[in-house]
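The values are calculated or read from the model by the stated rules, or taken from the named source; none is laboratory data. On a predicted model such as this, the values are computed, not experimentally measured, just so you know. Glycine also receives a Cβ, built like all others from the backbone with ideal geometry; neighbour counts cover every protein chain displayed.
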Amino acid sequence: MRKLIMKMSVSVDGFVGGPNGEIDWLLNSMDEDTTAWILDTIWNAGVHIMGSRTFQDMAAYWPYSEEPFAAPMNEIPKIVFSKKNLTELISANLTTVAYQNSVAFLKAEGQQLNHLQPQHLATWTNAKVANGDLTDEIKRLKQQPGKDILAHGGASFMQSLAKADLIDEYRLLTHPVALGSGLPLFSALSKPLHLKLVGTTMFNSGAVAHVYRPG
């Protein structure tokens, strides 16, 4: 049975986004080693799963990006958890503050999205939609053959996975910033979640990767 892995960037005070979902705070503490650690996690997934808001952000971003993360994000199959069908999600053309932050960061770095790469759209426009009970859908995916399942945000989707005790491994990249307020990762828990630390990696940027498994 394959594992469900959560990969998430968090602030030192436990937020995965600012009050409005901002992610500009995490973009400033990325370096080559941090990027390599994330890439290793992404490439080792057999499928990416995400909530509808994150799907819409990523579908509007990664097919046109030339960043290192673009290749695995575009090539590996996607499943979006939503009550809407794929046509509705694609045609809605909605993005969040996280998308806007990413585009602004690119611009500040003297880069931009390349909208002349329609060939990278295929795995997004052909993504599968899971609209059944969350626990049932995840259990079904775990029973399928293949490499592990990697969960991306947003915050509410990750909160639901943690609350339902569906995560087999937490890969949390803690950035050296305290936000004071924002979107918490574990606020939906009904009882304490006991975890076992199985790996730690420190980066020159000040970020620290912690890998946990349920205790």
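Right, L166: modelled with pLDDT of 95 or more and of a type outside the set (G, A, S) or not? In short, yes. On the given criteria, is T54 touching a His at 6+ places or on another chain (Cβ under 8 Å), part of a helix (DSSP H, G or I) and within 25 Å of E137 (Cβ to Cβ)? Answer is yes for this residue.
Scanning the range 137-157 for residues that are among the basic types (K, R) and at pLDDT below 95 gives no hits.
Here K196, K191 are screened, and the one residue that is modelled with pLDDT under 95, of a type in the set (D, E, K, R) and not in a helix (DSSP H, G or I) is K191. Can you report the number of residues in the range 1-45 which are touching a helix residue (DSSP H, G or I) at 6+ places or on another chain (Cβ under 7 Å), more than 21 Å from L179 (Cα to Cα) and not hydrophobic (A, V, I, L, M, F, W, C)? Adding up the residues that qualify gives 1. Restricting the range 169-215 to residues that are touching a Pro at 6+ places or on another chain (Cβ under 7 Å) and touching a residue at least 40 places away in the same chain (Cβ under 8 Å) leaves a set whose member that is surrounded by the fewest Cβ atoms within 10 Å (Cβ to Cβ) is S181. Would you please list the contacts, defined by Cβ atoms under 6 Å and residues six or more apart or on different chains, that run from a residue in the range 3-24 that is touching a residue at least 12 places away in the same chain (Cβ under 8 Å) to a residue that is crowded, with 18+ Cβ neighbours inside 10 Å and aromatic (F, W, Y)? The qualifying pairs are M6/Y170. Screening S160 with (1) over 15 Å from the mean Cα position of the chain (by Cα); (2) surrounded by fewer than 17 Cβ atoms within 10 Å (Cβ to Cβ); (3) at pLDDT 95 or above; (4) within 19 Å of F55 (Cβ to Cβ) gives one miss only, at (1).
Looking only at residues of the range 113-136 that are small (G, A, S) and without any contact (Cβ under 8 Å) to a residue 40 or more places away in the chain, we find that the one that is nearest to A162 (Cα to Cα) is G132. For the range 132-157, filtering for residues that are assigned to a loop (DSSP other than H, G, I, E, B) and surrounded by fewer than 13 Cβ atoms within 10 Å (Cβ to Cβ) leaves 5.
Restricting attention to the range 2-22, does a residue exist that is at pLDDT below 95, closer than 28 Å to D168 by Cβ, among the aliphatic types (A, V, I, L, M) and in contact with a strand residue (DSSP E or B) (Cβ under 7 Å, 6 or more places away or on another chain)? No, that holds for no residue.
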